[in-house]
Amino acid sequence: MANPNAKEQYMLELINRMRTNPQTEYDILVNSTNPDIQTALSYFKVNLTELKSQWEQLQPAQPVAWSNKLHESAVTHTQLMIDYDLQSHNLPNEPSLRDRILNTGYQFTTVAENIYAYGSSVLESHGAFAIDWGNNPNGIQNPPGHRNAIMSNNYREVGIGILSEDNSSTQVGSLLTTQHFANSQQLSTTNTSWLLGTVFRDVDDDDFYSIGEGLSDITVNISGISNPNFNTSIKTLGAGGYQTLLSPGEYQVEFIRDNNTVKTEKVSIDKENIKLDWMIDGKTYQLDNGKRDAHYNSGSGDAIVFNAYTAESPFQTIDFISVGLSNLGNPSAVFLYEDKDNDKQPDSDEKILEIDTNFIDSQGFAHISIPPTKVENTFFVGALYKHNNNQPNWIPISNNSNNTPTNQSWIATSNNGNLDLENFSTSLLEDKNWLLRASSSDNSIITPVEPPNDIPIGTNLQKSNNIELVDLTNQIGTIKTNVRVTRDADYDNIIGFYVVNDINGGIKINDEIINPGDTRYKQAALQNRITSLDLLQTQDSIPSNFNGTLNGGSIFAPFIIVDGTFNDALNNKVEVYFAYQGANSDNFDHIRLLGDNTFGFEDLPNGGDRGSIAEPDYNDLIIKMDFSV
């Protein structure tokens, strides 16, 4: 069966939000502005004091991963509820839950099912399961089995089947959901866990995944730290989710978009699933405040509407268009137009993008991912509302005329029939704004910043502070490097790099900064070593060359492991020296800047091989780094 669609991915995110932080979920749901949740709380007379008391007993659980086999059994049951027009766990002639799941080939140790056949939206359906409202004295089902299934740490996988049913002659609908929670025998016997998450563009600026925000085909590279031989690469699915099974250990996770590594995180896998998301922020162009008012085109033909915006200098790359949805009709196409003649008005010959739509939902906003499209100066977001048997078109507008920009919305109409999209004229809408938006990912993500020509990449802090660091804070994305290593030492030394928080060498671990001089500094530096560039060494006097990458936006500091392996250093069996004297056991300077991106290393304590000269020679190992964007 299929991977999760946007609705199913959204429900998966809601489930995992609740599992990982149940106490926050209580406040989100009880204080939700969703009218259907509030109506249900009132209708069932949910005792919030009792609900709060029950909720306080909930303990966080590991996130659940998606299962296509569980999805197969779930969506099959959802379809049967539509076919029989009935909410039930066992429909006529249907096998038992255990047999239904076994028939998909899924081998489980434990399983549970949640169903809801009367949902109005994904969020309201999630609220129905989580709050577990029902016809009981306190308005809560006893026991709250749906909530218990969501929160059980015994379940590590889930399949969700969501289908719409808008037939007015049926009792079920408009949204039906089946959730199948389970734990597989594979997870129980192989000592593996899921790394899972989503990559999404936060179009609505709520710091959470929403339907339509997921980004597909984002590359996720996973490389082993505790097992350097491990490396795998996967891509996000259509709704933005990804997951992969991993053995226990430490891993580096890189998110790559448009060939740029734009986020790098370290994760530790043990006996439970781990969730790691990447949320992209950016610029959202909107005139409205999200609130709507009914508005219609008084003609009986097509209408095309526009909102005008001004791109930030020098340009913006639009990757999402958002439109307000309505149960009275939705647009059949959305557009980008650019003000080529600089008259601040959309013209029929200024179209640069057209995307056909097929909206099923009738509430909230739809976020439409579009091919990244460059806009400059004034541009327009448009939407085409087709006539419906010569009836007026209903087009949602903002109902707040006090705090939103005015005189930036336009409309073109046909008195009857089809509008000629190749030849129309627009008129200004006074004091109202359409629910039309555009969004752009940060330019920094998709457009690497070129450094000044006279300053070599990586040398900002070397030139300004004469310090042995590689400074890529003015770079974006993945920076390639070639490193030449030469040697004039008896010891078999190894050189590596780690990320520091600032010029003073602090290492950020969670919310703590570990500084040079701290007894934990060596372990923190070694455990946070970058793996995109190999450990550097060379045999005898033969130079060696290495190729690797560093991520823009960070500062990198070198270390030298003296006559030992990386594991020897981790286990405190050999000496490790850093660019910060306070981090070195002898408080001696062991690394010297010899030129642009050229570092010399001294491997003996206290400058031991300097002999009769005043300074050590810093040539036990020398590395020269060359960078390219």
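The values are calculated or read from the model by the stated rules, or taken from the named source; none is laboratory data. Note that the structure is predicted; figures quoted are calculated from it, not measured. Neighbour counts are summed over all protein chains in view; Cβ atoms, including those assigned to glycine, are modelled from backbone coordinates with ideal geometry. Calculation scope for accessible area: heavy atoms of the full protein, side chains included, ligands and nucleic acids excluded. Shrake-Rupley method; radii C 1.70, N 1.55, O 1.52, S 1.80 Å.
Can you give the local net charge around residue 160? Use residues other than it whose beta-carbon is closer than 12 angstrom to its beta-carbon, Lys and Arg +1, Asp and Glu -1. Its environment carries a net charge of -4. Structural descriptor for the chain: relative contact order 10 percent, calculated from alpha carbon pairs under 8 angstrom and at least 6 residues apart. Using only side-chain charges placed at the Cβ, +1 for Lys and Arg and -1 for Asp and Glu, the dipole size of the chain relative to its Cα centre rounds to 1360 debye.
Which of the residue pairs 235/263; 463/522; 522/573; 266/624; 263/480; 344/432 have a Cα-Cα distance greater than 19 Å in the structure shown? Where the Cα-Cα span goes over 19 Å, the pairs concerned are 463/522; 266/624. Derived scalar couplings between HN and Hα for segment 22-29 equal x, 5, 5, 4, 4, 5, 4, 6 Hz in order, rounded to whole Hz, by the Karplus curve 6.51 cos²θ - 1.76 cosθ + 1.60 (θ = phi - 60°), x for Gly and Pro. Projecting label points 7 angstrom from Cα along Cα→Cβ for residue 504 and residue 356 puts them 6.1 nm apart.
The separation of segment 171-189 from segment 47-80, counted between C-alpha centres, amounts to 8 Å. I want to verify the translational diffusion coefficient of segment 3-90 in µm²/s; compute it with Stokes-Einstein, Rh as the Kirkwood radius over Cα pairs, at 25 °C and 0.890 mPa s. So the translational diffusion coefficient is about 159 µm²/s. Amide H contacts of residue 280 (H built 1.01 Å from N, in plane; Pro and chain starts excluded): 200, 201, 202 sit under 5 Å, all sequence-distant by 5 or more or on other chains.
Potential lengthening of the chain between residue 527 and residue 79 amounts to 156.3 nm, from the contour at 0.36 nm per residue minus the alpha-carbon distance. Model label points for residue 328 and residue 142, set 7 angstrom from Cα along the Cα-to-Cβ axis, are 4.6 nm apart.
Measuring with a 1.4 angstrom probe and ignoring ligands and nucleic acids, residue 522 comes out at about 50 Å² accessible. Rolling a 1.4 angstrom probe over the protein heavy atoms with all chains in place gives segment 13-119 an accessible area of 47 Å² per residue.
For residue 483, what charge total do you get from the other residues with a beta carbon under 10 Å from its beta carbon, if Lys and Arg give +1 and Asp and Glu give -1? Once all neighbours under 10 Å are counted, the net charge is 0.
Using alpha carbons only, how many angstrom separate the centre of segment 372-387 from the centre of segment 212-238? Measuring centre to centre over Cα atoms gives 33 Å.
Ranking 201, 520 by solvent-accessible area of protein heavy atoms (1.4 Å probe, all protein chains present), from largest to smallest, gives 520, 201.
Counting only protein heavy atoms and a probe of 1.4 Å, the accessible surface of the chain is 43% carbon and sulfur.
Length gained on full extension, residue 464 to residue 588: 42.4 nm, using 0.36 nm per residue less the C-alpha separation.
For segment 419-436, 3J(HN,Hα) computed residue by residue from phi via the Karplus equation (6.51, -1.76, 1.60; θ = phi - 60°) reads 8, 7, 6, 8, 7, 9, 10, 10, 10, 6, 8, 7, 6, 9, 9, 5, 7, 10 Hz, glycine and proline entered as x. When 24, 104, 459 are compared by accessible area at a 1.4 angstrom probe, the order from most to least is 24, 104, 459.
Computed over protein heavy atoms with a 1.4 Å probe, the accessible surface of segment 316-415 works out to 45 Å² per residue. Gain on full extension, evaluated as 0.36 nm per residue between residue 206 and residue 28 minus their Cα-Cα distance, stands at 62.9 nm.
Surface exposure of segment 525-629, expressed per residue as accessible area with a 1.4 Å probe, stands at 43 Å².
For the pair segment 549-588 / segment 100-153, the C-alpha centres are spaced 52 Å from each other. Shape annotation for the chain: C-alpha extents along the principal axes are 97, 66, 42 Å, from largest to smallest. Once Lys and Arg get +1 and Asp and Glu get -1 on their Cβ, which of 133, 74, 184 lies farthest toward the positive end of the dipole of segment 65-187? Toward the positive end, the furthest listed residue is 184. Between amide H atoms placed 1.01 Å from N, distances below 5 Å from residue 183 occur with 109, 110, 156, all of them 5 or more places distant or on a separate chain. Estimated from helices alone, the mean residue ellipticity of the chain at 222 nm is -4500 deg cm²/dmol (sum of -39500 (n - 2.57) over DSSP H runs with n ≥ 4, per residue). Each Lys or Arg adds one and each Asp or Glu takes one away; over the other residues whose Cβ falls under 10 Å from the Cβ of residue 126, this sums to -2. Per-residue Karplus couplings for segment 255-269, computed as 6.51 cos²θ - 1.76 cosθ + 1.60 with θ equal to phi - 60°, are listed in order as 9, 10, 10, 6, 6, 10, 7, 10, 8, 10, 9, 10, 10, 10, 9 Hz, Gly and Pro entered as x.
Of 60, 325, 532, which is farthest towards the positive pole of the chain's charge dipole, taken about the Cα centre with +1 and -1 on the beta-carbons of Lys, Arg and Asp, Glu respectively? About the Cα centre, the residue reaching furthest to the positive side is 60. Taking amide H atoms as placed 1.01 Å from N in the peptide plane, the amide H of residue 467 lies under 5 Å from those of 462, each 5 or more residues away in sequence or on another chain.
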